[in-house]
Amino acid sequence: MLFPEGKISETGCPNPDQPGVVWLAQRSGAEVVRIRIRGAERSRLFAKSGDRLWPRIEIQF
């Protein structure tokens with residue numbers, strides 16, 4: 001599993017992919033499945049602006 005954006009969005013909106021992600025997927029032949037981890041931006045564990053230690057997290061495919 002890779003996180004092509006490189007970090008958790010503090011706003012909940014996607015960040016741009018980091019360079020090399022498409023290249024790596026093409027070279028490896030791996031299937032790319034985009035997901036959204038909704039709510040992670042509210043966690044103090046993962047984001048500077050988080051307001052909760054354990055917020056509700058949803059994974060969207």
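The values are calculated or read from the model by the stated rules, or taken from the named source; none is laboratory data. Since the model is a prediction, treat every value here as computed from it, not as a measurement. Heads up, the Cβs are rebuilt from the backbone with ideal geometry, glycines too, and the neighbour counts pull from every protein chain shown.
Considering only residues in the stretch 47-61 that are in contact with a strand residue (DSSP E or B) (Cβ under 9 Å, 6 or more places away or on another chain) and surrounded by 14 or more Cβ atoms within 10 Å (Cβ to Cβ), the one that is modelled with the highest pLDDT turns out to be 55.
For the stretch 1-28, the candidate set comprises residues that are at pLDDT 85 or above and farther than 20 Å from residue 61 by Cα; within that set, the residue that is surrounded by the most Cβ atoms within 10 Å (Cβ to Cβ) is 24.
Here is the figure for the stretch 8-34: residues that are under 20 Å from residue 54 (Cβ atoms) and not polar (S, T, N, Q) total 3.
Only residues that are part of a loop (DSSP other than H, G, I, E, B) and under 18 Å from residue 60 (Cβ atoms): list them for the stretch 29-46, please. Once the filter is applied, which keeps residues that are part of a loop (DSSP other than H, G, I, E, B) and under 18 Å from residue 60 (Cβ atoms), the stretch 29-46 yields 31, 32, 33, 34, 35, 39, 46.
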